[in-house]
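Asks: Mind having a look at this structure? Questions to follow.
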Amino acid sequence: AGQAQENTGAAAVITYAKQFIGTPYRYGGSSPSGFDCSGFTSYVYKHFGVNLSHSSRAQYSQVTKVSRSELQAGDLVFFTNGGTSIGHVGIYVGGGQFIHSPSAGRSVCIESMSSGYYASHYVGGGRVR
């Protein structure tokens, strides 16, 4: 029963997150008028009673790490900003894809983790606890 509940929870998180596709990126933003990457993930999880820091690096320290092969829908996925530190976060939706608020001039969307920038900057995944 626990597994079924987890899957239902993950589906609810993804369904809720998808409502914001098209919301513009805004630096420091954490509301439906505009999100930055960690503002988006924290806003989505706050709806489910989970408080995440408004910082991708801090969120990385708040999750239980899982390997890429163990990723499940609803897990957070983290990327570097080009250096060695965590600089970006999104929510895994399954099938090698994640939903996120990418960068200035773009809006919330679903992208493949194995394409271009994200393939080479992936750091790890984590389960929200």
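The values are calculated or read from the model by the stated rules, or taken from the named source; none is laboratory data. Predicted model only: the values in this text are computed from it and were never measured. Neighbour counts are summed over all protein chains in view; Cβ atoms, including those assigned to glycine, are modelled from backbone coordinates with ideal geometry. To get the accessible areas, we keep the full protein, side chains included, count just its heavy atoms, and leave off ligands, DNA and RNA. Shrake-Rupley method; radii C 1.70, N 1.55, O 1.52, S 1.80 Å.
Asks: Defining a contact as two alpha carbons under 8 Å apart and six or more residues distant in sequence, what relative contact order in percent does region 31-72 show?
Replies: On the way: 23 pairs, mean separation 11.7, N = 42.
Taking the mean separation of contacting Cα pairs over the length of region 31-72, I get 28 percent.
Asks: Right, here's the next one. Can you tell me the FRET efficiency between S69 and Y117 if r is taken as the Cβ-Cβ distance and R0 is 22 Å, rounded to the nearest 0.05?
Replies: Values: r = 22 Å, r/R0 = 0.98.
For R0 = 22 Å, the calculated efficiency reads 0.55.
Asks: Using alpha-carbon pairs under 8 Å, 6+ residues apart, how would you state the relative contact order of the chain in percent? Working shown, then result.
Replies: Details: 256 pairs, mean separation 34.8, N = 129.
Answer for the chain is 27 percent.
Asks: Taking amide H positions as placed in the peptide plane 1.01 Å from N, state which residues far from V66 in sequence (5 or more) or on other chains have amide H under 5 Å from it.
Replies: Distant-sequence amide H within range of V66: G125, G126, R127.
Asks: Using θ = phi - 60° and the Karplus form 6.51 cos²θ - 1.76 cosθ + 1.60, what ³J(HN,Hα) does each residue of region 53-58 get, whole Hz, x for Gly and Pro?
Replies: In residue order, the calculated couplings are 5, 8, 6, 4, 5, 5 Hz.
Asks: A further question on this structure: Report, in deg cm²/dmol and to the nearest 500, the calculated mean residue ellipticity at 222 nm for the chain, where each DSSP H run with n ≥ 4 adds -39500 (n - 2.57) and the sum is divided by the residue count. Don't jump to the answer; show the numbers that get you there.
Replies: Working: 4 runs with 40 residues, N = 129.
So the helix-based figure for the chain works out to -9000 deg cm²/dmol.
Asks: Taking the Cα centre of the chain as origin, work out the dipole magnitude from +1 charges on Lys and Arg Cβ and -1 charges on Asp and Glu Cβ, in debye rounded to 20. Write out the running numbers ahead of the final one.
Replies: Details: 9 positive and 5 negative charges, 34 e Å.
In total the dipole reaches around 160 debye.
Asks: Also: Given a 1.4 Å probe, how much area per residue of the chain is accessible, in Å²?
Replies: Accessible area per residue, the chain: 48 Å².
Asks: While we're on this one: In whole Å, what are the extents of region 28-74 along the principal axes defined by its C-alpha atoms, from largest to smallest?
Replies: Extents along the principal axes: 34, 19, 17 Å.
Asks: So if we plug the beta-carbon distance of H47 and C109 into 1/(1 + (r/R0)^6) with R0 = 22 Å, what FRET efficiency do we get, rounded to 0.05?
Replies: Details: r = 19 Å, r/R0 = 0.88.
Between H47 and C109 the formula returns 0.70.
Asks: How big is the chain by the Kirkwood estimate over distinct Cα pairs, in Å? Intermediate values should be presented prior to the final figure.
Replies: Numbers: mean 1/r = 0.0700 Å⁻¹.
Averaging 1/r across every pair of different Cα atoms and inverting gives 14.3 Å.
Asks: Summarise the accessible area of the chain (1.4 Å probe, protein heavy atoms) by the percent that is carbon and sulfur.
Replies: Details: 3110 of 6200 Å².
With neighbouring chains kept in place, the figure for the chain is 50 percent.
Asks: Something else now. Taking the Cβ of I86 as the center, what net charge do the other residues with Cβ under 14 Å away carry, scoring Lys and Arg +1 and Asp and Glu -1?
Replies: Details: positive: R57, K65; negative: D36.
Computed value for this residue: +1.
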